[in-house]
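Below is one structure, written out as structure tokens; the observations come after it.
The values are calculated or read from the model by the stated rules, or taken from the named source; none is laboratory data. Computed from a predicted model, the values in this text were never measured in an experiment. Cβ: placed from backbone, ideal geometry, glycine included. Neighbour counts: every protein chain shown.
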Amino acid sequence: MADKAGDLVQGTLEMLVLKTLALVPMHGYGIALRIEQVSGGVFRVNPGSLLPALSRMERAGHIRADWQATENNRRAKYYALTARGRKALEEERRQWGRQTAAINRILEA
Amino acid sequence: MGILRNVASGLRALTHRNERNAEIEEEVRGFVAASVAEKMGRGMSRADAERAARAEVGSAESVRQKVWSAGWESLADSLAQDVRFAVRQIVRSPGFSTVAILSLALGIGANTAIFTLINDVLLKQLPVRDPQQLLSFGDGSSSGEVENSSPGPYDIFPYEFFRRIQNQNEFAGLCAFGSFQALVSVRSGQGAAGPATQAVSDLVSGTFFSVLGAEPLLGRTFRPEDTAVDGKNPVAVISHRYWQQELSADPNVIGRTLTINGTAFTVVGVMRPGFYGVELNQAASGLWLPITMQPQVLMQPTLLNPDGMFWIHIMARSKPGVPTAAAQAWATEQFRRFLVDRAGGQISANRRRQIAGIFIPLLPGGAGISNVRSSFETPLAVLMGMVAIVLLIACANLANLLLAKAAAREREFQARLALGSSRVRIVRQMLTETLVLAFVGGALGLGLAFWVTRGLIHLIVQGATNTALAASPDLRVLAFTFGVCLLTGILFGIAPAWRSARNQAIGTLNAQSRTMTGAGGRGGRLLPRTLVVAQVTLSLVLLMVAGLFLESLNMLRSQDLGFNSSNLLIVPTNPKFAGYQPAQLNALYDRILDRLGTLPGVRSATISGVPPMSGGSWNSPIYIDGRAPDPQQNPQTLLNRVAPRYFETVGIPLLRGRTIGAEDTASAQKAVVVNQKLAEQYFPKGDAIGHTLKIADPGVVGTWQIVGIVGNSKYNTPAEKPQAMAYLAIEQLTGDDQYAYVIQLQTVGDPSKVTDEVRNALAGIDPNLPVVGVSTMADQVDLIIGVPMLVSQLAGFFALLSLALACVGLYGVMSYNVVRRTSEIGIRMALGAPRGRVLWLVLRESLLLLGIGVALGVPAGLAASHGVRAGLFGVSPADPITLALAVLLLTAVICGAAWLPARRATRIDPIVALRYE
């Protein structure tokens, strides 16, 4: 069983990926590493969930992929945010804000 | 947009499966490499970094699988896999598959064929704009020219009523059309020269096409101006078929002149293919003519005057915002007011009450009006029920076969479950197999149905070459067949699939155990037995219903028609089309009868208004001895007009007095012969001869003296009760009633052999006399009982088919049981059980199933028979003989099917049986 702390909150992976890609296009490992680093090691994303999610998001038109050379001269699939993805990110963010605010209110009541 | 991209990229992944997989693999490898590189950058050794990265990623293959199944295409792919596997399974057992596909093709084909007819006759909407907006004034079932006054719903009106309400505001549009099609003679060009052809025409109002929203292919349709002035607009719109077939698709047809019943009409438009007006009849109309040209087209006095007969139908296009109930109230009010005005000043209180009870129901008119609909509604519903049952029985059979097959595949399923396959996956696999079978069978059935439907339509339209009925399936039929296939596949697949997935029998992967409970157990045997009982029950229902229909057909056939239908030739002609005036007719009749009566092979010749049993409808009230009719008795009679030797020729026996003879000339005392029914009904003292009749029909003038009484004969159908009937001497009639339309010849031998000589003889008298559709009376009678015959024979065929299927079902289940119990039976026999006991052991089970099936089938069959009693003639729905015969036939045949496996059980050799397995 995976480390409980490393599991993402359900349904947030796509939002985190969108946010991560909002700054600069990245390849799969780059995204995983970035999420891990920024979250201070709390969230670990394994490729078994990340790559299918990327494939789904590409299908949905939220991100765009193309093969580019990496720093160490290999080929890797780089993902970039599309206009539609940017809109989806805004939407998810708003939703998330509402939900966490609500949860906080309940917890602090 | 998003969906499109999704589909496109899914399709790309499916078609370039290897590239897609390679791409995913490369990405996974890249992921690992990047991870390793990053870890080494943090100071790990290469070996450590690789190990850590592998632990992080896990199985590259499983990641690849996950990415692949993220899209919809993976589901499609696994379905395709299921289908491929199913096809392999089907090909592997060709015997089973052939039986399954053929029985499904038969079952689904029969269902599709009957449904195509139902669709054609009952469901299809008219090929016009927004047919659901059309409202019919009444159900349009009445036709002809009638004078009517009884309270109740009305569907036939005088033209004057339409004229009064046509400029109203309650509807978006109103149109009127004649309630009957008119057969007209058509000559190309002006004048009466050249050969005449016959065509079916409709009289319609100028608003007809615009209310229907039907656009022409060429030229124009009618406008309101075309029926503004009576008799002034000789214009015609023709059907696409008429243009193609009769006018050789003449590109300059617009403006061409057609002489229709002697009047020159100008063609102004050609309709598009597929348009057939609003009437779905045996023969579709070829010509539409302005209703105001009625006197010219029908060659009879005007029906357009204010006190004219009831003879038109009215159809409306509803107006948005006006509820149908309000429009109906308005129409009814208008009609009542019209009738009151028409009655004039001296209207009786009684008549007022009658008019207050008259109403016009506004009914959906989108499906048009049909004279075939009412006569085929019940037979088609019955046949649909029967074919549905046949399909159910076939399904039960296939379910049983599949259950047996599934039992044989138990090890395969167990192995698959053990290897981690889910139960859902196995059920899906099994259902895919049955669905593939069902759809292959359905595709074959669709082809089969097309041919069968073509034949059935041919029988329904009784040889009319141009009909709106079509055998080719439309979208609704295709959807129906698709639905039936789907339902069938699920129906016969669900039980075996459920069983094979549910089966948890622990030891199945081990050697088979010796008892029959080892595989399936008691519960496992219940399902096939239930299916067999259902089959027996349903077969009995079909046998009973079919038996009743065959019995009614027998009754119909054995009816005494009251005339001699053998050696009788019917020759329709039409002196009116040939241009004869009433005053010239008697001389013509004398010439025709003199000439034909002396032809070799002809025993006797006559001419009359209609032949016996032709579906005519000339009737009228009568005044006996000049007395005003007693309103209680309201004496009425059917009428025919006959020349000398009529009764001798058609073989209606003379009971008393004399028949119409040569002495009944135009100047002699008018003579009428009545049938026994009329004599008994209106002259109960038995003194009819010598009394006189006056006929209320204004066309028949004078006082007619009864000179003879003849036997009753059927007028319309063999099923009818005797009706009062009077035969007027044709040479003593005047005007339009003097035209006779049918020559009848009693021949020495086969009547069809003299056809050519009759044609030549008539051409010798006058080449303009049209002779169309010569037939023998025997053929006519067959045609009239054609529908009941068709239904009975189809019902019989379906019942036998279902019986055969039920037999196969029982035989299959029992044989399979015997095979399963081989070792048990072997042990019993080794321990000394006599053969008779073994026989009984197996037979007992079949007889039990049969008994239950019969016990359920008898009440079910009685209920079904009660439901179809409208289609029966002369036989009670609970006819005990038919019931007993059905049960007997079923029992005998099922016992035969049960006997074979039982006998096989007694032949089991104990030694072989114990070594078995």
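Considering only region B:862-891, how many residues are small (Gly, Ala, Ser), over 24 Å from the mean Cα position of the chain (by Cα) and farther than 18 Å from B:Leu538 by Cβ?
Within region B:862-891, residues that are small (Gly, Ala, Ser), over 24 Å from the mean Cα position of the chain (by Cα) and farther than 18 Å from B:Leu538 by Cβ number 3.
Does B:Val868 count as touching a Ser or Thr at 6+ places or on another chain (Cβ under 6 Å) and of a type in the set (A, V, I, L, M)?
Values: touching a Ser or Thr at 6+ places or on another chain (Cβ under 6 Å): no; of a type in the set (A, V, I, L, M): yes.
In short, no.
Against the definition (modelled with pLDDT under 85 and hydroxyl-bearing (Ser, Thr, Tyr)), how does B:Ser876 come out, yes or no?
Here the answer is no, as B:Ser876 does not meet what is asked.
Against the definition (part of a helix (DSSP H, G or I) and crowded, with 18+ Cβ neighbours inside 10 Å), how does A:Gly97 come out, yes or no? Break it down stepwise before answering.
Numbers: part of a helix (DSSP H, G or I): yes; crowded, with 18+ Cβ neighbours inside 10 Å: no.
When the stated conditions are applied, A:Gly97 does not pass them.
May I ask you to verify whether A:His27 is in contact (Cβ under 8 Å) with a residue 40 or more places away in the chain, of a type outside the set (Val, Ile, Thr) and facing chain B (nearest Cβ under 8 Å)?
Yes; evaluated as a whole, the condition is true for this residue.
Out of B:Thr453, B:Thr481, I need the residue that is among the hydroxyl-bearing types (Ser, Thr, Tyr), modelled with pLDDT of 90 or more and in contact with a Ser or Thr (Cβ under 7 Å, 6 or more places away or on another chain). Which one?
After applying the criteria, what remains is B:Thr481.
Mind listing whichever residues of region B:64-90 are within 54 Å of the chain's Cα centre (by Cα), facing chain A (nearest Cβ under 9 Å) and not aromatic (Phe, Trp, Tyr)?
B:Ser69, B:Ala70, B:Gly71
Check region B:304-314 and report whether any residue there is part of a helix (DSSP H, G or I) and under 36 Å from the mean Cα position of the chain (by Cα).
From region B:304-314, those part of a helix (DSSP H, G or I) are none; that's our starting set.
No, region B:304-314 contains no residue that is part of a helix (DSSP H, G or I) and under 36 Å from the mean Cα position of the chain (by Cα).
Rundown of residues vs (1) at pLDDT 85 or above; (2) small (Gly, Ala, Ser), yes/no style:
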{"residue": "B:Gly152", "(1), (2)": "no, yes"}
{"residue": "B:Pro158", "(1), (2)": "yes, no"}
{"residue": "B:Phe162", "(1), (2)": "yes, no"}
{"residue": "B:Gln168", "(1), (2)": "no, no"}
{"residue": "B:Ala172", "(1), (2)": "yes, yes"}
{"residue": "B:Phe177", "(1), (2)": "yes, no"}
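Give the residue, chosen from B:Gln732, B:Gln746, B:Gln738, B:Gln705, that is under 22 Å from B:Trp618 (Cβ atoms) and under 40 Å from the mean Cα position of the chain (by Cα). Give the steps one after another, and end with the answer.
Numbers: B:Gln732 fails: under 40 Å from the mean Cα position of the chain (by Cα); B:Gln746 fails: under 22 Å from B:Trp618 (Cβ atoms); B:Gln705 fails: under 40 Å from the mean Cα position of the chain (by Cα).
Every option except B:Gln738 fails the conditions.
From B:Glu26, B:Glu61, B:Glu38, B:Glu19, which residue is within 14 Å of chain A (Cβ to nearest Cβ), surrounded by fewer than 19 Cβ atoms within 10 Å (Cβ to Cβ), of a type in the set (D, E, K, R) and in contact with a strand residue (DSSP E or B) (Cβ under 9 Å, 6 or more places away or on another chain)? Break it down into steps so the answer makes sense when it comes.
Working: B:Glu61 fails: in contact with a strand residue (DSSP E or B) (Cβ under 9 Å, 6 or more places away or on another chain); B:Glu38 fails: in contact with a strand residue (DSSP E or B) (Cβ under 9 Å, 6 or more places away or on another chain); B:Glu19 fails: in contact with a strand residue (DSSP E or B) (Cβ under 9 Å, 6 or more places away or on another chain).
None of the other options fit; the residue is B:Glu26.
So which of B:Phe265, B:Phe275 ends up being hydrophobic (A, V, I, L, M, F, W, C), more than 23 Å from B:Ala196 (Cβ to Cβ), surrounded by 21 or more Cβ atoms within 10 Å (Cβ to Cβ) and out of contact with any Cys (no Cβ under 8 Å at 6 or more places or on another chain)?
B:Phe275
Go over the candidates B:Ala100, B:Ala105 one by one and state the one that is under 26 Å from B:Arg425 (Cα atoms), more than 14 Å from every other protein chain (Cβ to nearest Cβ) and not hydroxyl-bearing (Ser, Thr, Tyr).
B:Ala100
Output the residue which, of all residues in region A:54-84 that are aromatic (Phe, Trp, Tyr) and more than 9 Å from chain B (Cβ to nearest Cβ), is surrounded by the most Cβ atoms within 10 Å (Cβ to Cβ).
Step by step, filter region A:54-84, then rank; the result is A:Tyr79.
Given the criteria more than 24 Å from B:Gln65 (Cβ to Cβ) and out of contact with any Ser or Thr (no Cβ under 8 Å at 6 or more places or on another chain), does A:Val24 qualify?
Spelling it out, A:Val24 is indeed more than 24 Å from B:Gln65 (Cβ to Cβ) and out of contact with any Ser or Thr (no Cβ under 8 Å at 6 or more places or on another chain).
Looking only at residues that are assigned to a helix (DSSP H, G or I) and among the aliphatic types (A, V, I, L, M) in region A:30-47, which one is farthest from the other protein chains (Cβ to nearest Cβ)?
Among those that are assigned to a helix (DSSP H, G or I) and among the aliphatic types (A, V, I, L, M), it is A:Val38.
Hey, does region B:458-473 have a residue that's surrounded by fewer than 16 Cβ atoms within 10 Å (Cβ to Cβ) and more than 30 Å from B:Ala199 (Cα to Cα)? Please lay out each step first, then the result.
Narrowing region B:458-473 to residues surrounded by fewer than 16 Cβ atoms within 10 Å (Cβ to Cβ): B:458-459, B:462-465, B:472.
Applying the additional criterion that residues be more than 30 Å from B:Ala199 (Cα to Cα) yields none.
No - not one qualifying residue is present in region B:458-473.
Has region B:152-159 got at least one residue that is in a strand (DSSP E or B) and among the β-branched types (Val, Ile, Thr)?
No, because not a single residue in region B:152-159 is in a strand (DSSP E or B) and among the β-branched types (Val, Ile, Thr).
Okay, residues lined up against (1) at pLDDT below 85; (2) among the aliphatic types (A, V, I, L, M); (3) under 30 Å from B:Ile607 (Cα atoms):
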| site | (1), (2), (3) |
| --- | --- |
| B:Val758 | no, yes, yes |
| B:Gly773 | yes, no, yes |
| B:Leu801 | no, yes, no |
| B:Val819 | yes, yes, no |
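Quick one: is B:Gly702 at positive phi and at pLDDT below 85?
Details: at positive phi: yes; at pLDDT below 85: no.
No; evaluated as a whole, the condition is false for this residue.
Would you mind telling me which numbered condition in (1) touching a residue at least 12 places away in the same chain (Cβ under 8 Å); (2) surrounded by fewer than 24 Cβ atoms within 10 Å (Cβ to Cβ) B:Leu203 fails?
Every listed condition holds for B:Leu203 apart from (2).
If B:Arg46 meets every condition in (1) loosely packed, with under 13 Cβ neighbours inside 10 Å; (2) closer than 30 Å to A:Ala53 by Cβ; (3) at pLDDT 85 or above; (4) away from chain A (no Cβ under 14 Å) apart from one, which number is that one?
Every listed condition holds for B:Arg46 apart from (4).
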